[in-house]
Structure formats: structure tokens, C-alpha cells
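Quick notes on the structure that follows.
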Amino acid sequence: MKSDNTNLVGRPERSDDSFVVCATDSDRSTLEALSALRSYNAGLPVSRLPAELLCAAFLWLPGLVDRIAVSAVCHYWRTVVLGCSELWSTLDARTMKISPLGLVELIDRTQSTTLDVRLAFRDNVASYADLVAKLSSNMHRMGALSMHDRLGMIERLFSGTSTLARLEILDLATYFDIRYYPNAKGNTPLQALCRSPLDFHALKLWFPRLHTLKLANYASGPFYDIEAPDHQGPYPDFRVVTIRSRLPSTGIAALGYYSATSSSGAF
């Protein structure tokens, strides 16, 4: 029976004794050259460095662009880079151009590593569907989340009923008004974030390791009525709290700043 399979260059396969020839002479020459180059690279001293040492060195690279670049140096380095989950655990989509599907792939590379994610949702909701689903299923791994959200994605991310035990830094700019989220029901982190006055005790129940909280409210209305955390009281881990609210006449205006190192411990 004639095969309908095609090879990578779109040519039909043909049998040649005990193996299948999948390329023209030109393609085969290219493959042979790549194989020779891989053999040469494998013999270099740098290719004999332990994977753990290379991974530790690559962690000093400043950003994703550089880490993606070293993955293209040679086969061994690519194997090491793709297998080192810590290299992909900090994802800053605000400073580099990367598609939502690209972010999904990078999150998959992080395996069980704690995540530091920085996003800005500005376009249509449909383009972020896969990314939001991936983030939602990995919120338990979030160590730091910074997000500018004009599309109401916060509802998907903070409507679960599980404690986010790793979250230490939360920086959100969105609509902190529960009326924007008709599907939000029950006791959830979203309810705690949209409560006024802001209940730090409730936040600590949902985010027990949280020490830095920055909220900017896009919703129109008055300033938040906030109870400042007392670093001498039950919230010793709060270091910074910044709350901002949108007023029709002034735009985003700072309400206050709290630091656990201040003498007064008040806004």
C-alpha cells in the first residue's frame, strides 16, 4: 500500500532496504553536517561541565531573552536550559514581547517551582483564555504576582477556595469592586480583596506569607477606608502596603504608604 506520510520537508517517504529515506541528498548533507557539529560540540570542555553548574551559571543571566539565546548554543546546553525549571520561574511579560501561548509554554517548563509572574491584560479576553486557565491552575505555586488587569481576569485567578501559601508579594491594578464580578460567590480571596474596609486579617488567612501588598483600584468611587496593619500586633510580616483608588477628578491618587520599619507603623 502506498504511504501517505510526508517527511519534514514535505516529500513522500520511500523504502530503501531496511530503512526509510526521508530527505533528498541536499537534506541528508545538512543532517550529516549538523551531526558532525553536535559531535564536535560534545567533545568541548564546556560540554563536560555538570548540568547543575551550568544551570547555576545561567541563573545569572538577566532575562528571558538571554536564557532563550543560550538554549540555542548547542544540544547539550538546550537540554540543560529546558530542564532547569528555575530559569523560567520569573516571567515578566510587561518588559518583553511574548505571546500568551508562549507564556503558557514557559509556565509548563517551571514544573513545581515557585512562580514570579508580571502581566498586563489589555487586549481582548479571548486571546488570554489559555494563559488565564494555566495561571488559575498554578496559583498555588505563585510566590509573587504583579498584574495590571483592565479585563477583570482577577475573578478567574482569585475565586478559588484554597489558601495561596507561597504568595509573598501581590501587586494588582484592577477593579476592586465585587459588583464587577457577578459570578464571584462564597468566601474567596477575591471577596477579601474587594472588601471595604480592607480586612488584613482576612488577607492573612488567604495569603499567610504575604508581606508586600500594592493595590490600585480602577473602579470609580471614594478612597479605600483602610485599617493599617500594626507591625507590633498580629500582622508582623507586612512590610509594605500601598493602596490607590481612582477618583473621577484626580485619577489614580495615592492613599497611603505603610512600612513595618517606620516608627509609627501608620499611613
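The values are calculated or read from the model by the stated rules, or taken from the named source; none is laboratory data. Since this is a predicted model, take the numbers as computed values, not measurements. Don't worry about glycine lacking a Cβ; one is built from the backbone with ideal geometry, like all the others, and counts go over all protein chains shown.
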Go through (1) within 21 Å of the chain's Cα centre (by Cα); (2) of a type in the set (A, V, I, L, M, F, W, C); (3) buried (at least 16 other Cβ atoms within 10 Å of the Cβ) and name the single condition Phe176 misses.
-> (1)
Every residue from the stretch 106-125 that is farther than 14 Å from Met142 by Cβ and not in a helix (DSSP H, G or I) = Gln111, Ala120, Phe121, Arg122, Asp123, Asn124
When restricted to Leu205, Leu213, the only residue out of contact with any Gly (no Cβ under 6 Å at 6 or more places or on another chain) and surrounded by 14 or more Cβ atoms within 10 Å (Cβ to Cβ) is Leu213
Any chance you could count how many residues in the stretch 112-163 are among the acidic types (Asp, Glu) and in contact with a Gly (Cβ under 8 Å, 6 or more places away or on another chain)?
-> 1
The residue from Arg166, Arg78, Arg67, Arg109 that alone is surrounded by fewer than 20 Cβ atoms within 10 Å (Cβ to Cβ) and within 24 Å of Leu213 (Cα to Cα) is Arg166
Please enumerate the residues belonging to the stretch 166-191 that are at pLDDT 85 or above, among the hydrophobic types (A, V, I, L, M, F, W, C) and either in contact with a helix residue (DSSP H, G or I) (Cβ under 9 Å, 6 or more places away or on another chain) or in a loop (DSSP other than H, G, I, E, B) (or both).
-> Leu167, Leu170, Leu172, Leu190
Could you tell me whether the stretch 150-163 includes any residue that is in a helix (DSSP H, G or I), among the acidic types (Asp, Glu), farther than 30 Å from Leu82 by Cα and within 18 Å of the chain's Cα centre (by Cα)?
-> yes
Exactly one of (1) more than 28 Å from Leu210 (Cα to Cα); (2) surrounded by 16 or more Cβ atoms within 10 Å (Cβ to Cβ) is unmet by Gly83. Its number?
-> (2)
Residue list for the stretch 86-104, restricted to those being among the charged types (D, E, K, R) and surrounded by 13 or more Cβ atoms within 10 Å (Cβ to Cβ) = Glu86, Asp92
Got a sec? Which helices (runs of 4 or more DSSP H) wholly within the stretch 51-105 have at least 1 residues that are in contact with a strand residue (DSSP E or B) (Cβ under 8 Å, 6 or more places away or on another chain) and of a type outside the set (Lys, Arg)?
-> 64-70
In the stretch 126-142, is there at least one residue being at pLDDT 90 or above, assigned to a strand (DSSP E or B) and surrounded by 13 or more Cβ atoms within 10 Å (Cβ to Cβ)?
-> yes
